[in-house]
Each structure stands twice: as structure tokens, then as C-alpha cells.
Amino acid sequence: MKRDKIYIFFDSVTKIGLGGIFFFIPISNALISLFIGLALLGFIGKKIVKPECYSLKTKPNIFLLLFFFFIGLSLINSGQYFAKSLIALFLKWGKYILLSLILQDTIKRRKDVLIFVSLFLFSAALVAVSGITQLFWGLEFLRGRNIAVIGSGIKAITSSFNHYNDLGSYLIIPFSLCVAFLRAPGVFKKGLYYFIFILGIILAFCIFHTYSRGTWIGVLASLFLMLLISRRSDVLFIFILALAVICLFPVFRNRFLFIFQFYGDQDRFKYWQIAIAMFKEHPFLGRGLGTFMAHFAEYLPGRGIAYTHNCFLQILAESGIFSLVSFLIFLCSVLYLGIKRFFLERDPILLGGICGLAGFLAHSFLDTNLYSLRL
């Protein structure tokens, strides 16, 4: 009996830590780190009391652990940047993978899932309102950020994030959840549906006013997948409406079409070519984890150092083909199992989560989401 009480205590500590991460993602890196430590402490305590680890029994995680193994092997090619690669292995990728396993091991009951989704949506609501006050009154009340002024004097909201692309990528998943909940009676209390409906409108407004083309592509990808697997007429309407807003409003249309103009890609294609060149030189183990920027000047001298602006190509360049393939199989397995489960249960949380993840990954093909502490 005492053993069970100790286990319940550490399980509660883990949940508090994970809940803190969910809520403070857009607000404070320091608090995220604090709650990561709390979640890890609780998880270690649980495993001492009861060593069984549920998350290690799921098939997709085999490929996640293979991915970690292969990115670890890439350190063979790190050379003088071995210390940098070691930090990237354990304090970045390793930490994110461990958090994924802890979350899977801890949040298993539907009641807990609803609590965490509610925390996430409430935090997203604060971010969205902060973005709106930033746009209209120049006041971003979460972090005191200034609005970003981009081409042609367009004001792009960042809310509490450093960059409008970061804000946009964060908003994809809560927006997808809001759309999925629109015709899902019985998930939340009736009064919360009005909150979710209004939140969806506010999130959509903020998504457009990030002027992040990668975010728009991610949202459209999310809605398209949702339409395919749910066949809901309201999703079709929202998808068409989103396309119409981009096409009919000149400020959004010109911003989207700018990607096809000279320099409109923000040099992404040049960075992609660098990543491909690195991969060709070291196709199996890459140049070494976390070393893309260290080698950047060798391929494009005289330019400021940058990420690839494509997470998958950066994995390929830094750690080789085996790392990327194992990571992609992991992601595809998660999406496949989620879709399969949705067909059985018609669960709107699964629908919003799967489609939001797909949209987030589409955005990651154009940006650096997987290399950000928050994202």
C-alpha cells in the first residue's frame, strides 16, 4: 500500500511537470526547463518504485530509439566539433526523445488527455490574445515582444515568440484541435464549445496575420488531411474559406506569391543545396550531429550562418540517411496508428492531434521547428 502511494506521488509530480511544459511553451524557456526537470524527477521516482516502462512497448518507439542510435553514430564524423555534437545528442535530441517517452508513459487515461489538451488550448488562447493586442495596440503582454515589420511595411505578429514563423508553427496544432472539436458533442461541457468556437476564429485571424507562408501551407495540409479522413462538410468549408482568404485578399495573396519571386524563398533553396552537398559527401553518417552551421561557411562563404530551413534535410546532412529514414518511419507509424484508431473511435482529439501534427511537419519542411526548445 505504501509503495502504491509513493508511486502515485511521483506520478503526480510527473504530470505537474508535463502540464507546466504544455502551458509555458509560449511564455518562458526558463520555466519550461524547470518543469522538464520536475517531470524527469517524477519519472525517475516512478521507475524506481515500478520499473515497467509502457512507452518502450509501442512499435513506433523502436524506430525512435533507432533514430537516436544513428544520430549518436554520426558523432564519429564530428571531428573537432565532437563536444558540440555531444551536447546536441543528449541535451537537445535526447531530451526531446525522453520527454516523448515520459509523456506516453504518463498520460494514458482519457481524463488526463482532456486536462492536458485544455491546458494547451488555454495557453494558446493567451498567445492569440497577446498577438492581437500586439497588432492593434503594440502591446504584447506575455514577453513584451515588438511586432515584426517585413516586406512592404507589413506588420507580422509574433506574440510571445521570437519570430512570426515560430508563432505560426505553434498555432497549427491548437487550430486543428479547434476545428476537430466543432462537431464533436460530448467531449467538453457545453459552455466550452463557445470558447473553442471563438478561439478557433481568433487563432485563424492570428495565423493569417503572422504572414508566415510555411504556416499557411501547414494549416492547409492539416485541413486537407482532416477532410480526407473525416469527410466532414464543415472541414471542406473551412479549407475553401482559408484558400479564398489567401487568394482574394491582395495583402495575403501577394505575400504568398512572393515565394516564387527572386529572393522570395529567403535563400532556403541555397541552404537546401548545402545540406544535399553535405549529405553526398557523407551519406551514411552525415557531417556530425549539430555541425551544419559549423560547416556552413565552407559551402557558402561570406554569408551569415543559418539553419537549413528544412528540418529533414538538416537531419540528413548532419547524421545521414539511416537517421532520416528511421525518423520518418517513426513519424509515419504514429500518423498511421492514429488514423487507424480514429476510424475505430471517431475521437476528435485524435483527429485534431493527427492533422495538427501533419501540418506542423509540413511547416517543418520549410523551417527549423525541430531545432527549437519551444517547438
Could you figure out which of (1) assigned to a helix (DSSP H, G or I); (2) touching a helix residue (DSSP H, G or I) at 6+ places or on another chain (Cβ under 6 Å); (3) not hydroxyl-bearing (Ser, Thr, Tyr) isn't true of Leu34?
(2)
Out of Ala83, Ala124, Ala128, I need the residue that is among the aliphatic types (A, V, I, L, M), touching a Cys at 6+ places or on another chain (Cβ under 6 Å) and modelled with pLDDT of 95 or more. Which one?
Ala128
So, restricting to helices (runs of 4 or more DSSP H) that lie completely within segment 130-231, which ones have at least 3 residues that are surrounded by fewer than 22 Cβ atoms within 10 Å (Cβ to Cβ)?
190-208, 213-230
Listed residues Leu350, Leu344, Leu331; which is under 30 Å from Ser118 (Cα atoms), open to solvent by 60 Å² or more (accessible area, probe 1.4 Å), without any contact (Cβ under 8 Å) to a residue 60 or more places away in the chain and of a type outside the set (Ser, Thr, Tyr)?
Leu344
Residues that are out of contact with any helix residue (DSSP H, G or I) (no Cβ under 9 Å at 6 or more places or on another chain) and assigned to a helix (DSSP H, G or I): does segment 92-107 have at least one?
no
Mind listing whichever residues of segment 43-65 are open to solvent by 70 Å² or more (accessible area, probe 1.4 Å), closer than 26 Å to Gly320 by Cβ and assigned to a helix (DSSP H, G or I)?
Leu56, Ile62, Leu65
Which count do you get for residues in segment 365-375 that are surrounded by fewer than 21 Cβ atoms within 10 Å (Cβ to Cβ) and assigned to a helix (DSSP H, G or I)?
2
Do you know which of the residues in segment 272-320 that are β-branched (Val, Ile, Thr) and out of contact with any Ser or Thr (no Cβ under 9 Å at 6 or more places or on another chain) is most open to solvent (accessible area, probe 1.4 Å)?
Ile305
Considering Phe82, Phe70, which residue is open to solvent by less than 60 Å² (accessible area, probe 1.4 Å) and either farther than 18 Å from Leu313 by Cα or touching a residue at least 24 places away in the same chain (Cβ under 8 Å) (or both)?
Phe70
Which condition does Trp93 not pass, out of (1) closer than 30 Å to Phe342 by Cα; (2) open to solvent by 50 Å² or more (accessible area, probe 1.4 Å); (3) among the aromatic types (Phe, Trp, Tyr), if it passes all the others?
(2)
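The values are calculated or read from the model by the stated rules, or taken from the named source; none is laboratory data. Computed from a predicted structure; not experimentally measured. Positions of Cβ are backbone-derived with ideal geometry, glycine not excepted, and every protein chain shown enters the neighbour counts. These area figures cover heavy atoms from the full protein model, side chains too; ligands, DNA and RNA do not enter into them. Shrake-Rupley method; radii C 1.70, N 1.55, O 1.52, S 1.80 Å.
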